[in-house]
1. Given 4 °C and 1.567 mPa s, how large is the Stokes-Einstein diffusion coefficient of the range 108-152 in µm²/s, with Rh as the Kirkwood radius over Cα pairs?
2. Go through the range 147-157 residue by residue and turn each phi into a ³J(HN,Hα) via Karplus (6.51, -1.76, 1.60, θ = phi - 60°); whole Hz please, and just put x for glycine and proline.
3. Which ³J(HN,Hα) values in Hz, rounded to whole numbers, follow from the phi angles of the range 75-89 under the Karplus curve 6.51 cos²θ - 1.76 cosθ + 1.60, where θ = phi - 60° and Gly and Pro get x?
4. For the range 1-81, I need the span (max minus min coordinate) of the C-alpha atoms along each principal axis, in Å, sorted largest to smallest.
5. Which one, Arg136, Arg171, Arg28, has the greatest fluctuation when you compute a Gaussian network model over the chain with C-alpha springs under 10 angstrom?
6. So, in Å, what gap is there between the alpha-carbon centers of the range 58-76 and the range 135-188?
7. Pairs of Cα atoms under 8 Å, at least six residues apart: use those to get the relative contact order of the chain, whole percent.
8. Work out from phi, with θ = phi - 60° and the Karplus expression 6.51 cos²θ - 1.76 cosθ + 1.60, the ³J(HN,Hα) of each residue of the range 169-180, listed in order in whole Hz, and give x for Gly and Pro.
Amino acid sequence: MNKESMRGQARGRLSRMTEAERSEANVRIAQEIWNVEEVARARVILLYASMRGEVDTDAIAAEARRRGVTLTYPRCLPETRAMVLHSVGDGSDLRESAGIAMREPDSTFPVVDLAKVEVALVPGLAWDPKGTRLGRGKGYYDRLFTNPAWKGFKCGLYYEVQRFDWLPSNRMDAPLDAVVTEEGVTRF
């Protein structure tokens, strides 16, 4: 199977989750993430503002701020498919982007050097037991993680229904170091 057909299967699985299942899973993931040693000790974390179908990150962001963690959020540049990371004090500072259907900081927020980010909490459509991540197909995170300045820990946030036995990958795909679901932590 190719990546696009796997994306369709993943979207189908996600669409069958009830709101109650999502809500319960989000609570468990928001608690479980702090059991990952690299996340618990990080002082600078890259987070995403969740879109429909993704693990909700609001509770994770609130706990990170309570712990004094600096949160950075990506701003996507569609013309180059690159990400710029910005320090954001509060998720309410994020705005709906014109180019991509996601909330992101505008260019006025302070830019954070990629080398200073210790952990990235990453969304996606699917993952497998080798740490392969299937995103939405634009390659933003893969470009970020293959940048020589990137030295951090890559942790996916997923629902258990997004686990596949195998996913296609190529040399441009950056594997994850761990995944957190409502059932716990898987390290690769």
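Readers should treat all values here as calculations from the given coordinates under stated rules, not as data from a laboratory. Being a predicted model, the structure only gives us computed values, none of them experimental.
1. Values: Rh = 12.1 Å.
In µm²/s, the coefficient is 107.
2. With the stated coefficients, the range 147-157 comes to 5, x, 6, 6, 10, x, 8, 10, 10, x, 10 Hz.
3. 10, 8, 10, x, 5, 10, 6, 9, 10, 10, 9, 10, 6, 10, x
4. The principal-axis extents, from largest down, are 41, 38, 20 Å.
5. In this elastic network of the chain, the residue with the biggest mean-square fluctuation among Arg136, Arg171, Arg28 is Arg171.
6. About 19 Å separates the Cα centre of the range 58-76 from the one of the range 135-188.
7. Values: 355 pairs, mean separation 44.9, N = 188.
This gives 24 percent for the chain.
8. 8, 9, 5, 7, 7, 8, x, 7, 8, 7, 9, 10
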